[in-house]
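Right, one structure below, let's go through it.
The values are calculated or read from the model by the stated rules, or taken from the named source; none is laboratory data. Worth saying up front: this structure is predicted, and the values here are computed from it rather than measured. Methodologically, a virtual Cβ is constructed for each residue, glycine included, from the backbone with ideal geometry; neighbour enumeration extends over all protein chains shown. Keep in mind that these areas ignore ligands, DNA and RNA; they rest on the heavy atoms of the full protein, side chains included. Shrake-Rupley method; radii C 1.70, N 1.55, O 1.52, S 1.80 Å.
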Amino acid sequence: MIQLDRVTKLYRGGREALRDVSLDINPGDMIFLTGHSGAGKSTILKLIALIERPTRGQLLVDGRNIGRLPSGDIPAYRRQIGMVFQDHKLLEDRSAFDNVALPLVIAGLTRRETDKRVRAALDQVGLLGKERQSPATLSAGEQQRVGIARAVVARPRLLIADEPTGNLDGELSMEIMQLFRRFNQVGVTMLIATHDLALAGRIGGRHVVLSQGELAREETSVAAPQPAAGVRSR
Amino acid sequence: MKAVLVRHLQNALGALGQLSRQPVSTALTIAVIGIALALPAGLQVLVQGAQRFAGSWQEIRDFSVYLRPGTTLAQAKALAEELGKRAVIEEVRVIAANEALADFRADPAFGDALRVLEDNPLPHTLVIRPDAAATTTDLDALRSELSARDDVDLVQLDTQWLSRLAAILDLVRRGVWFTAVLLAGAVIVIVGNTIRLDIQNRRREIEVSKLLGASDAFVRRPFLYIGAWYGILGGLLAVVVLSLGLLLLGGPLSRLLALYGGQFTGFGVDLATIVLVFGGGLLAGWAGAWVAVARHLSAIEPRV
Ligand SMILES: Nc1ncnc2c1ncn2[C@@H]1O[C@H](COP(=O)(O)OP(=O)(O)OP(=O)(O)O)[C@@H](O)[C@H]1O
Ligand SMILES: [Mg+2]
């Protein structure tokens, strides 16, 4: 689905964040990107979201090199990707419902369709009862789950998450990761950057390790079986 | 198609909601825009009133032709009939010398002085009412022709002040356009600055929307609608201010103009002016928003 082909990223100022990184992301993958701080994990996600452009190498999506995608085409491209952020990036002046609805409003869905899908997404993350609350009145874990509902509500093919559990303690982190696991089981491709190797190990999937901007190694682990209950079939 | 319309409607209402959330700054902005629009519109209404007044000029364009003493009343009447047939003349009235004297005697200012005279010193007079379509040039030509006649003593026609009035009106009309353009520019700047602040305040929302795949058009639209609302609400205020102003000034002004002898029909804000105020406000508000959006929106790119 997505191929990084010998991608190098130089930030302005000459800092080399990625060097000759090649990575294949296949439909249905559950990939954890790990590595030390500054290894280039976020940079890979930013390249895939076209927040940054590759300096060298090709970034292929469905065989098309999007490294040179005209900026006018970026919005439509981004709409196929769900994004989860460490600081969740929710809008404080809107309810949880309105935050989750934003991608659908942007996509121009009808009111009825939006309503239906937002409820389904909030239901999937277990927050259906808190849709009218503002993010500020929700707990850290709940805020992140609103962020996840917003990321999946438009039914993206790929979901990328940068340190989604960075602000959460162990218990909550596990909850969030299991949520991702369940979305993956119903077909969403996942790319998650995290420091938490132990947690990633418990979830299972591909573990891509970056070091100094280069791909160090890749391992695959099998997760302890997880019930898929709670996520409706898509 | 219907979905697009619904979305625009939602955007328009959303922008109105956005404005209502900051009532004080919204009211101030609208007040400034309203005044900026009301000023040229007010001048425009005055000019229109003056033009209507100028249309009822016949009475003040009436002029007198004093015939040479010794001309008989029959001759005067014949001349009047002949002149009355001309296209530039609507009608000619003959004031016989004795009628004129009677009029003068009735006037306390002259009465005593005239009583001393034995003979009637006044000539027969023709009062000519030019056709409404007659221009100042026509009237000047008519004056020259009549003055050259043997049986005419004096033509008393003051075309100069009519020309002056026309020139003044022309000047004022241009001034109205000039002010309108200047103040439209002011509205663009005011709205542009307000929207610039608005964009700064909503920076985070814009960034997040762009991350979620919002197009430039999507991000731009609410601000354009806000600009348009400023224009429309400013236009509404301008029409209200204008109507109030005319209510206060209209009466005295009508009386003043009536003193100059026009059949004055009064002032009113006509539909064309209302459309112009709203259209101008809408356009200037929209343009101001465009300027702000073009300059400041593209600079906001999501940082992660
Ligand atoms: N916008 C930027 N401009 C310049 N240099 C940058 C920029 N973003 C990242 N870098 C540099 O690129 C390198 C890789 O950064 P990146 O954010 O990808 O690391 P990371 O693996 O996500 O680290 P962390 O685990 O701390 O989030 C770092 O050395 C960083 O300083
Ligand atoms: Mg990072």
Accessible area of residue B:32 in the full protein assembly, 1.4 Å probe (Å², nearest 10):
70 Å²
Extension gain residue A:10-residue A:112, at 0.36 nm per residue separation less the Cα-Cα distance, in nm?
32.2 nm
Estimated FRET transfer efficiency when R0 is 35 angstrom, pair residue A:37-residue B:3 (beta carbons, to 0.05):
0.15
Take A:142, B:118, A:113, B:91 and sort them by solvent-accessible surface of the protein heavy atoms, 1.4 Å probe, largest at the top.
B:118, B:91, A:113, A:142
Accessible area buried, both sides summed, chains B and A with 1.4 Å probe, Å²:
1800 Å²
Do the sum for chain B: with -39,500 (n - 2.57) for every DSSP H run of n ≥ 4, divided by all residues, what is the mean residue ellipticity at 222 nm, to the nearest 500 deg cm²/dmol?
-25000 deg cm²/dmol
With +1 on the Cβ of every Lys and Arg and -1 on the Cβ of every Asp and Glu, and nothing else charged, how large is the dipole of chain B about its Cα centre, in debye rounded to the nearest 20?
2560 debye
At 1.4 Å probe size, with no ligands or nucleic acids counted, give the accessible surface of residue B:290 in Å², nearest ten.
100 Å²
Please calculate the 1.4 Å probe accessible area of residue A:116, with all protein chains present, and give it to the nearest 10 Å².
130 Å²
Helix A:140-152: inclination vs chain A longest Cα principal axis, degrees, rounded to 10, gives 80 degrees
At R0 = 41 Å the Cβ-Cβ FRET efficiency linking residue B:283 and residue A:212, nearest 0.05, sits at 0.10
Can you list the residues of the stretch A:88-118 that have at least 50 square angstrom less accessible area with all protein chains present than in their chain by itself, probe 1.4 Å?
A:89, A:91, A:106
Where A:42, B:144 fall by accessible area, highest first, once all protein chains stay in place (1.4 Å):
B:144, A:42
Counting only protein heavy atoms and using a 1.4 Å probe, what share of the accessible area of the protein assembly as shown belongs to carbon plus sulfur, as a whole percent?
58 percent
Using a cut-off of 15 Å between beta-carbons, work out the net charge of the residues near residue A:214 (Lys and Arg +1, Asp and Glu -1, residue A:214 not included).
+3
Considering only protein heavy atoms, what per residue accessible area in square angstrom results for the protein assembly as shown with a 1.4 angstrom probe?
50 Å²
From largest accessible area down, sort A:131, A:175; use a 1.4 Å probe on the protein chains.
A:175, A:131
About its Cα centre, the stretch A:34-138 carries a charge dipole, from +1 on Lys and Arg Cβ atoms and -1 on Asp and Glu Cβ atoms, whose size in debye to the nearest 20 is 260 debye
